[in-house]
1. Checking the structure you have, find out if any residue of region 97-104 is on the phi > 0 side of the Ramachandran plot, under 18 Å from the mean Cα position of the chain (by Cα) and either at pLDDT 95 or above or not acidic (Asp, Glu) (or both).
2. Which residue, of Pro162, Pro184, is part of a loop (DSSP other than H, G, I, E, B), at pLDDT 90 or above and open to solvent by 20 Å² or more (accessible area, probe 1.4 Å)?
3. Quick check on region 128-153: of everything there that is basic (Lys, Arg) and part of a loop (DSSP other than H, G, I, E, B), which residue is most open to solvent (accessible area, probe 1.4 Å)?
4. So Thr217 passes all but one of these: (1) more than 14 Å from Leu258 (Cβ to Cβ); (2) of a type in the set (Val, Ile, Thr); (3) open to solvent by 60 Å² or more (accessible area, probe 1.4 Å). Which condition number does it fail?
5. Look through Arg75, Arg125, Arg69 and report the one residue that is open to solvent by 40 Å² or more (accessible area, probe 1.4 Å) and more than 19 Å from Asp252 (Cβ to Cβ).
6. Condition check: under 16 Å from Trp168 (Cα atoms) and under 23 Å from the mean Cα position of the chain (by Cα). Does Thr190 satisfy that?
7. Report yes if some residue within region 106-122 is of a type outside the set (Phe, Trp, Tyr), under 19 Å from Asp76 (Cα atoms), in contact with a Ser or Thr (Cβ under 9 Å, 6 or more places away or on another chain) and part of a loop (DSSP other than H, G, I, E, B); otherwise report no.
Amino acid sequence: MRMLGVVMAGVALIVTACASTANAGGGEVGASGREVGEGGGGGSLIGKAYLSLTVTEDGEVKPLVPDTRIRLDFRDDGVLSANAGCNWLGGYVSTNGGTLSIDGIGGTEMSCGPAGDAQDKWLERLLLDKPTWKLEGDLLTITRGRTTVVLQDRKIAEPDKPLVGTKWALESVMSGPLAFQHFPGTAYFTIRDGRITGWTGCNEFQGTATRTGANLTVGELSTTRKACAGDAAELEQALLSRLKGKLTYSIDSNRLELRTPDGADGINLTTTK
């Protein structure tokens with residue numbers, strides 16, 4: 001498996017790279033103690049995430065890279081985390097006065113080809129250019145000059161998939177702040193009727209799986225006994241070593257995160273098509 005490098009992990013790495021934004025005027029205070037404000041844009045954005053519906057420039061539709069959307073997460077700690085389909089960007093944000101104000105942006109540094117890299121830069125410039133914002137119901141409109149992005153509350157645009165009955169495909173394996181990439185679709189599992197069944201990329205496996213609140217307890221797994229070598233063996237060991245015992249889980253749209261109770265290790269999965 002190829003090491004992907006330090007990635008999202010709550011985008012905590014981004015915050016340290018960003019300049020903070022001073023706020024004044026009695027705005028709403030996030031978990032970090034910073035004022036992020038309602039700002040006259042139509043409500044509070046704190047704790048919400050939005051996905052793009054339309055993007056226009058100069059009155060014309062701006063095509064995005066295929067299979068990508070603009071995502072904006074307004075975190076409880078006052079950080080705006082943004083994604084245009086490749087890297088995660090972020091910085092402390094003020095929403096006072098109906099304007100998104102970010103003094104500096106940090107982020108991950110993967111290359112996604114010329115089109116993906118250019119789209120990242122476009123979003124970064126838009127956010128740094130202090131666009132205005134307006135919230136109407138579940139729709140958020142971001143405007144700067146002749147550029148307009150209309151986004152919808154993520155929970156409506158892409159509702160959370162259910163843990164049970166969904167086929168979850170392994171995306172990455174977490175070990176501390178590192179994620180190890182593998183080939184998409186190599187491994188997967190489904191939980192149904194108190195049991196988990198799946199494929200490691202080399203062997204089938206099955207066992208018990210009990211959900212209690214935000215916890216998932218996976219019993220001892222049995223597997224078929226095909227000999228695995230190379231990347232397949234490494235992937236199987238990484239998956240099975242993390243898919244056991246008591247785990248915490250969280251679902252965001254079509255993404256599932258499983259973590260050990262201390263949060264040090266885990267796996268990230270997404271729905272299969």
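1. So far as region 97-104 goes, no, none of its residues is on the phi > 0 side of the Ramachandran plot, under 18 Å from the mean Cα position of the chain (by Cα) and either at pLDDT 95 or above or not acidic (Asp, Glu) (or both).
2. Answer to the selection: Pro162.
3. We begin by selecting, within region 128-153, every residue basic (Lys, Arg); these are 130, 134, 144, 146.
Checking the rest, the ones that are also part of a loop (DSSP other than H, G, I, E, B) come to 130, 146.
Working: Lys130: 88, Arg146: 157 Å².
It comes out as Arg146.
4. Unmet condition: (1).
5. Details: Arg75 fails: more than 19 Å from Asp252 (Cβ to Cβ); Arg69 fails: more than 19 Å from Asp252 (Cβ to Cβ).
The match here is Arg125.
6. The answer is yes for Thr190.
7. There is no residue in region 106-122 that is of a type outside the set (Phe, Trp, Tyr), under 19 Å from Asp76 (Cα atoms), in contact with a Ser or Thr (Cβ under 9 Å, 6 or more places away or on another chain) and part of a loop (DSSP other than H, G, I, E, B).
Residues checked against (1) farther than 19 Å from Thr271 by Cα; (2) part of a loop (DSSP other than H, G, I, E, B):
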| position | (1), (2) |
| --- | --- |
| Ile191 | no, no |
| Gly201 | no, yes |
| Leu216 | no, no |
| Cys228 | yes, yes |
| Glu234 | yes, no |
| Ala238 | yes, no |
| Tyr249 | no, no |
| Leu256 | no, no |
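The values are calculated or read from the model by the stated rules, or taken from the named source; none is laboratory data. In this text the structure is predicted, and so the values were computed from the model without any measurement. So basically every Cβ, Gly included, is an ideal-geometry build from the backbone, and we count neighbours across all protein chains shown. Keep in mind that these areas ignore ligands, DNA and RNA; they rest on the heavy atoms of the full protein, side chains included. Shrake-Rupley method; radii C 1.70, N 1.55, O 1.52, S 1.80 Å.
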